[in-house]
Amino acid sequence: MDLELKRKLMIYQITTVLGVMFALIGFSYNVWRMEVSETNDTIRVASFEMLTELAELEQLIYIAIYDGDTKEGSPRKAWVKVGLIRDLSVLTGKSFEKESQALKNIWASHWSTMIEEKNPQMLSLPPSIQSAMK
């Protein structure tokens, strides 16, 4: 084999190896980027869902306390909302998880007296949840 052919073959092989390396690096970056985007999307959707559920919970509490309607403002409906908020908080982060646990604890402690006493404690949600609802 002549020297010119060996040289061209070596350049071709190096080019091929570099091309495969760049393809793998690009593919790896793309996979990482998609994973980060998916995580952000999950957090965003869970956060908006939590806001919706918090608003519905607030509405149920107002119906029960101020309207005295135990059918529409049933504590059982509110338990479902509180449980869903708690479940969604796992997807959003540790701080929201702690706050949703505090909401669940407040609800567990005061749901039975909500209607009779028009319990003001029911309306004192954790500060981060109050700020999220504004």
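Every number in this text was worked out from the coordinates using simple rules, so none of it is lab data. As the structure is a computational prediction, the values presented were derived from the model and not from experiment. Note: ideal-geometry Cβ built from the backbone for every residue, glycine included; neighbour counts use all protein chains shown.
Given a Förster distance of 30 angstrom, what is the FRET efficiency for W32 paired with E97, based on the Cβ-Cβ distance and rounded to 0.05? Plugging the Cβ-Cβ distance into 1/(1 + (r/R0)^6) gives 0.75. Within the same chain, aspartates and glutamates fewer than 8 places from K104 are excluded, and of the rest, those with a Cα less than 19 Å from its Cα are E49, E53, E56, E58, D87. When M50, M21 are sorted by how many other C-beta atoms sit within 10 angstrom of their C-beta, beginning with the fewest, the order is M21, M50.
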